[in-house]
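Worksheet: the structure to be examined is printed underneath.
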Amino acid sequence: MRPDVDDRVAAEHGLTAEEYRQVTELLGRVPTLTEMGIIGVMWSEHCSYKSSRFHLKKLPTRGDRILVGPGENAGIVDIGGGWAAAFKIESHNHPSYIEPFQGAATGVGGILRDIFTMGARPVAVMDALRFGPTDETAVGANNRRIIRGVVEGIAHYGNCIGVPTVGGECEFDPCFSANPLINVFALGVFRKDSIFLGSAKGVGNPVIYVGAKTGRDGIQGASMASAEFDDDSEAKRPNVQVGDPFLEKLLLEACLEAMQTGAIRGIQDMGAAGLTCSTAEMGGRGGVGIEIELDLVPQREEGMTPWEIMLSESQERMLLVAERGREGEVFEVFSKWGLDAVEIGTVTGDGLLRVRQHGAVVAELGNDFLSEDAPMYERPFTAPRRTAPLGGPELPEASGAELLAGLETLLSTADLGSKRWIWEQYDYQVRTNTTAGPGGDAAVIRIKEAGVSLAMALDGNSRYCSLDPRQGAKLIVAECCRNLATVGAEPIAATNNLNFGNPEKPDIMAQLVEAIEGLGDACRHFGTPITGGNVSLYNETLGEGVNPSPVVGIVGIVEHMDAPAGPCFLAPGNAVVLIGGLLPTAGGQLHMRFGSSQYARAVLGRNWGLPPALDADYESAVQEATRRIVRRDLAHSVHDVGDGGLAVALAECCFGPQPVGAAIDLKTDLQALYALFHEAPSRVLAEVSPQDLPEVISIAADLGADATIIGETAESMLAVKLNGTECFEASLSHLHALWDRAFETRLEVQ
């Protein structure tokens, strides 16, 4: 093996001088170029989590329903009746900036492979998207291009493969203009006695390559995702993979069918780092070695070098280990589906990844060296970087006209306006099991085989986390669980995607540490252990990082398959009940906490202060009260109070297919701005028939949660009073028009 590597080449592969010194000391020699490529991707931030591994150990990962936790392709939970669900969230941030359509599309393809490599059939996808503003003169046109490309890419892949995209969420901020965040969540179901793991087993067993042929697309994609963007970002376009959802559909069906033969001993997606990561991880997890011959790898381009073949991230490929003597059963299945299936190597007992070409060894590295010996840094951190001052402007009493104008402004923002333009491009009803889709607080799908429904919520709030990452992360978990409660679901487990800037900057590293610890505290409190997830760092362009942007996905169980109550009022004459009270846990810092609101940002033009305060015990009481009310069919509609506060939540409740208004009279000593636009958590709006009010109020009282009648549903107006004095009255048609077209207008869709 000829050494072609020096300090310069190591740096080109993302290694520091110290890391390269560590490589040569551990190996006792200079690595070959192919080995350097393998080491570069396996020791990259994207694959090794070298800046976050130490702190991720603080997250809770065990629970009564956890069957498989972090470390595998996806986490698995028991959903009862002999059935299980596999789910995970992943990011495709850097590729989606360089090539929005393919970056987002292959992000969907990758997370779906993470699910079916476990043996589960994917049944739902969700996405969490972060974009720059669409209306800024300098960057608006490019942001609109990115948005269109990302949404089209997600829709294309999900729709073509036949997996419903059932919901998600979307934020806008200038910090995402040069670094959009594209996080995709997927969930699949299967019998819990049919779990497959990404471990190689059985010395002498064949290693089989299946799926698409290997090309030069995506080479060093993992390394690209482990570095900041600079002026040469466009030159990284070749690092973006190209996906084929129709081929992935064939691969999905072939893999699931081959698993049923009983001939497969282990299976792994070729995702980040492609053939390198799949061979090294399968060998490492199984405590064995893998030897492969590159001449046998199906290739769609001529003259590919060992370095290129090992680092290619061509899509729709899997690596599996079959039982020796039964490989013919596997070949037969893949032949039926018209896919390549080739034995390219064997399982060995020496713990080494050995790569040959033309019979000669071009790389030979220990699996432990590639994984366990990868650097793990306890990077220094200071205090989290803040993006807003603690103090803000004095807030005088607002007139009724100003309150209405504030509501109109909020409903017209890209953050709070309808995202119909996005989700109408998704086929969210394919497979006919979606009982609550996009536009609600949580998505719900029927699992007919298990006789239950699964609810999913995906949430994030980079605005809160930029002010206080720990508190912001706690609020995200609380909102996720509260959204599940609105459809009657009991949260059981979580996954997370941690999107941050450069961890080598102590104040950015502090954001990551604080957010992880906040997530851990909240997940322990709400009983939602983390089953796995993704860390995406170096989300920076020209030295400017994104706001700290953790995204949390939580899955809950509903013990029936009926459609849940929706978020919109159904009929006039019902009581509007605020579960949780007007401003729970706000304390004496109303002004400080109000500065984190959408009102402060969109109407007053700035944010300040701290995120809303959270009383976790009270939040639990509100969630349980909501869950019981929903499960006893005591509410016609249920909606979480979140971004924009009570006024926005009330307006959203009015925007159903058949608009129904409300007449509200708030009894409070609070200033009207706080009462209507503060974003205190632990609040849910419920529409209740008059005869069911005593039971609803009793359920909340028994659990220590407030339940206050604040008005009743009405005809075609939203009228709000404060202590009997009118604040404003607006027609639903006017408010709905502002909200419904807000995003579409900003995107200039004709």
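The values are calculated or read from the model by the stated rules, or taken from the named source; none is laboratory data. Every value quoted in this text rests on a predicted model; they were computed, and no experiment measured them. Cβ atoms come from the backbone with ideal geometry, glycine included; neighbour counts cover every protein chain shown. Accessible surface areas use protein heavy atoms only, side chains included; no ligands, DNA or RNA. Shrake-Rupley method; radii C 1.70, N 1.55, O 1.52, S 1.80 Å.
Taking the solvent-accessible surface of protein heavy atoms with a 1.4 Å probe, what is the per residue accessible area of the stretch 74-202 in Å²?
Accessible area per residue: 22 Å².
Residue farthest toward the positive end of the dipole of the chain, with Cβ of Lys/Arg at +1 and Asp/Glu at -1: which of 685, 656, 79?
With unit charges placed on the Cβ atoms, the residue in question is 79.
Tell me, what is the 1.4 Å probe accessible area of residue 21, in Å² to the nearest 10?
Only protein atoms counted, so the area is about 100 Å².
Relative contact order for the chain: what percent, with Cα pairs under 8 Å and sequence separation of 6 or more?
Over the chain, the number comes to 15 percent.
Quick check for you: with a 1.4 Å probe and neighbouring chains kept, what is the accessible area per residue of the stretch 455-614, in Å²?
23 Å²
Residue 165 accessible area, nearest 10 Å², 1.4 Å probe?
0 Å²
Run the quick spin-label model on residue 669 and residue 741: label points 7 Å from Cα toward the beta carbon, then report their separation in nm to one decimal.
4.5 nm
In nanometres, what is the gap between the two model label sites at residue 387 and residue 53, each 7 Å from Cα along Cα-to-Cβ?
3.0 nm
Please give the solvent-accessible surface of residue 269 in Å², to the nearest 10, using a probe radius of 1.4 Å with every protein chain present.
Number for this one is 10 Å².
Using the alpha-carbon atoms, what tilt in degrees (0 to 90, nearest 10) does helix 616-631 show relative to the longest principal axis of the chain?
That works out to roughly 80 degrees.
When only the heavy atoms of the protein chains count and the probe is 1.4 Å, how do 265, 356 rank by accessible area, highest first?
So, going from the largest accessible area down, we get 265, 356.
Pick the calculated Rg/Rh (Cα atoms, Kirkwood Rh) for this structure from (i) 0.99; (ii) 1.17; (iii) 1.13?
Recomputing Rg/Rh (Cα atoms, Kirkwood Rh) here gives the entry labelled (i).
Calculate how steeply helix 400-411 sits against the longest principal axis of the alpha-carbon atoms of the chain, using the helix alpha-carbon long axis, and give the answer as 0 to 90 degrees to the nearest 10.
20 degrees
Would you mind getting me the FRET efficiency between residue 432 and residue 246? Use the beta-carbon distance for r and R0 = 22 Å, nearest 0.05. Kindly include the intermediate steps, with their values, before the conclusion.
Details: r = 21 Å, r/R0 = 0.97.
Efficiency, from the Cβ-Cβ distance: 0.55.
Quick one: 3J(HN,Hα) in Hz for the stretch 535-549, Karplus 6.51/-1.76/1.60 with θ = phi - 60°, rounded, Gly and Pro as x.
My calculation for the stretch 535-549 gives 10, 10, 10, 6, 7, 9, 9, 6, x, 9, x, 6, 4, x, 9 Hz in order.
For residue 336, list the aspartates and glutamates whose Cα falls under 12 Å from its own Cα; do not include residues on the same chain fewer than 8 positions away.
Residue 336 reaches 253, 257.
Quick one: which residues, 5 or more positions from residue 177 or on another chain, have an amide H under 5 Å from its amide H? H modelled 1.01 Å from N in the peptide plane, none for Pro or chain starts.
For residue 177, the qualifying residues are 132.
Return the sequence-ordered ³J(HN,Hα) values of the stretch 47-60 in whole Hz as given by the Karplus equation 6.51 cos²θ - 1.76 cosθ + 1.60 applied to θ = phi - 60°, using x for Gly and Pro.
Values per residue, Gly and Pro as x: 9, 9, 6, 5, 8, 10, 4, 4, 7, 5, 5, 7, 7, x Hz.
Remind me, relative contact order of the stretch 605-718 in percent, using alpha carbon pairs under 8 angstrom and six or more residues apart?
42 percent
How would 248, 424 rank on accessible area, largest to smallest, probe 1.4 Å?
Per-residue accessible area, sorted high to low, gives 424, 248.
So for the stretch 83-170, averaging the separation of alpha carbon pairs under 8 Å that are six or more residues apart and normalising by length, what relative contact order in percent results?
Relative contact order, the stretch 83-170: 37 percent.
Compute the long axis of helix 245-260 from its Cα atoms, compare it with the longest principal axis of the Cα atoms of the chain, and write down the angle in degrees, 0 to 90, nearest 10.
The two axes meet at around 70 degrees.
For residue 545, enumerate residues with amide H under 5 Å from its amide H, sequence gap 5+ or separate chain, H modeled in the peptide plane.
HN-HN under 5 Å from residue 545: empty list.
Hey, which lysines would be in cross-link range of residue 505, C-alpha to C-alpha under 20 Å, not counting anything within fewer than 8 residues on its own chain?
Correct list for residue 505: 50.
For the residue pair residue 141 and residue 394, what label-to-label distance in nm results when each label sits 7 Å from Cα along the Cα-to-beta-carbon direction?
Each label point is offset 7 Å from its Cα along the Cβ direction, giving 4.6 nm.
Quick one: length gained pulling residue 719 to residue 733 fully straight, 0.36 nm per residue minus the C-alpha distance?
Stretched fully, the residue 719-residue 733 segment lengthens by 3.7 nm.
Name the residues whose placed amide hydrogens come within less than 5 Å of the amide hydrogen of residue 214, ignoring near sequence neighbours (fewer than 5 apart) on the same chain.
Placed amide hydrogens put 299, 300 under 5 Å from residue 214.
Probe radius 1.4 Å, ligands and nucleic acids ignored: give me the carbon and sulfur share of the accessible area of the chain as a rounded percent.
C and S fraction of accessible area: 50 percent.
Write down Rg/Rh for the stretch 1-103, rounded to two decimals, with Rg from the C-alpha atoms and Rh from the Kirkwood relation over Cα pairs.
1.12
What size of dipole, in debye to the nearest 20, comes out for the chain about its Cα centre when the only charges are +1 on Lys and Arg C-beta atoms and -1 on Asp and Glu C-beta atoms? Let's see the in-between values first.
Numbers: 60 positive and 100 negative charges, 179 e Å.
Dipole about the Cα centre, nearest 20: 860 debye.
Using a Förster radius of 41 Å, what is the FRET efficiency between residue 358 and residue 152 based on their Cβ-Cβ separation? Nearest 0.05, please.
0.45
For the stretch 652-662, what does the Karplus curve 6.51 cos²θ - 1.76 cosθ + 1.60, with θ = phi - 60°, yield as ³J(HN,Hα) per residue in whole Hz, taken in order and with x for Gly and Pro?
4, 5, 7, 9, x, x, 10, x, 10, x, 7
Treating the beta-carbon of each Lys and Arg as +1 and of each Asp and Glu as -1, no other charges, what is the dipole magnitude of the stretch 599-750 about its Cα centre, to the nearest 20 debye?
It works out to roughly 300 debye.
Need the list of aspartates and glutamates near residue 448 for cross-linking: C-alpha distance under 13 angstrom, and skip anything on the same chain fewer than eight residues off.
Once the sequence-local aspartates and glutamates are set aside, what remains near residue 448 is 559, 562.
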